[in-house]
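What follows is a set of notes on a single structure, which appears directly below.
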Amino acid sequence: MAPGTYATLALGIRASRMKAAESNPCGKVSHVNSPPFDDVNVRRAMALSIDRKRIAEVTFNNMLASATGVLPPQLPGFTAEDKTYQFNPEEARRALAASKYGSADRLPPIVITELGAGSEGRVDTQAFLEQWRTILGVRVEIKQADQATFFADQDAGRHRAVHVGAAAVRL
């Protein structure tokens, strides 16, 4: 991943009730030079349309906490202060309308790639996709890839959007 070429679309949840080495935020990031993510208003709209607290409460039955940033609690620089975009459906719709695309039906196809080989994407990914669909009218496809292919494509810059998780290990 080239530095400065990816932006966070939506931070997910972190497993705050698990041991620290597993307590990592995850989220969706997009390649900022790849349409439609080359437009800051599209990225902003997608971030504002995610209700992370509801996903944590409903999808994960309050077993997980919403992430407050990109760093997990055990890394230097972590802060409990929430630095994420707050859920705001009206502002999300305004941001999408202000984009160079103007509406969901004018966006190019969006595909999020994640590690996997099952019949469905990750449960948090599915929750994000549902919120993007219902709030913005944006349809997103999930593409799963085996680990070798995923990282080779990532290194080659072929992903438009990916699911990522921070990895931190206590030594």
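The values are calculated or read from the model by the stated rules, or taken from the named source; none is laboratory data. These figures come from a predicted structure and were not determined experimentally. Positions of Cβ are generated from backbone atoms using ideal geometry, with glycine treated the same way; all protein chains shown enter the neighbour counts. Protein only, heavy atoms only, side chains kept; ligands, DNA and RNA dropped before computing areas. Shrake-Rupley method; radii C 1.70, N 1.55, O 1.52, S 1.80 Å.
Only residues in the stretch 109-125 that are more than 15 Å from A145 (Cα to Cα) count as the first member; pair them with residues that are part of a strand (DSSP E or B) and among the hydrophobic types (A, V, I, L, M, F, W, C), Cβ under 6 angstrom, at least 6 apart or cross-chain, and list the lot. These pairs meet every condition: I110/V140.
For the stretch 122-155, a residue qualifies if it is touching a helix residue (DSSP H, G or I) at 6+ places or on another chain (Cβ under 8 Å), crowded, with 19+ Cβ neighbours inside 10 Å and charged (D, E, K, R), and exactly one does: D124.
Looking at the stretch 88-117 only, could you name the residues that are open to solvent by 50 Å² or more (accessible area, probe 1.4 Å) and aliphatic (A, V, I, L, M)? Can you show your working first?
Of all residues in the stretch 88-117, those open to solvent by 50 Å² or more (accessible area, probe 1.4 Å) come to 88, 90, 93-94, 97-98, 100, 105-106, 109, 115, 117.
Residues satisfying the conditions are A97, A98, L115, A117.
Scanning the stretch 136-156 for residues that are assigned to a loop (DSSP other than H, G, I, E, B) and within 18 Å of the chain's Cα centre (by Cα) yields G137, V138, R139.
Would you mind stating whether A127 is within 27 Å of V40 (Cβ to Cβ) and at pLDDT 85 or above?
On the way: within 27 Å of V40 (Cβ to Cβ): yes; at pLDDT 85 or above: yes.
When the stated conditions are applied, A127 passes them.
Do we have any residue at all in the stretch 15-36 that's at pLDDT 70 or above, among the small types (G, A, S) and under 16 Å from the mean Cα position of the chain (by Cα)? Yes. In summary, Y85 fulfils each of the numbered conditions (1) out of contact with any Lys or Arg (no Cβ under 9 Å at 6 or more places or on another chain); (2) open to solvent by 70 Å² or more (accessible area, probe 1.4 Å); (3) within 16 Å of F37 (Cβ to Cβ) with the single exception of condition (1).
Just to be sure, is S49 out of contact with any Asp or Glu (no Cβ under 6 Å at 6 or more places or on another chain), at pLDDT 85 or above and closer than 23 Å to K143 by Cα? Yes, satisfied.
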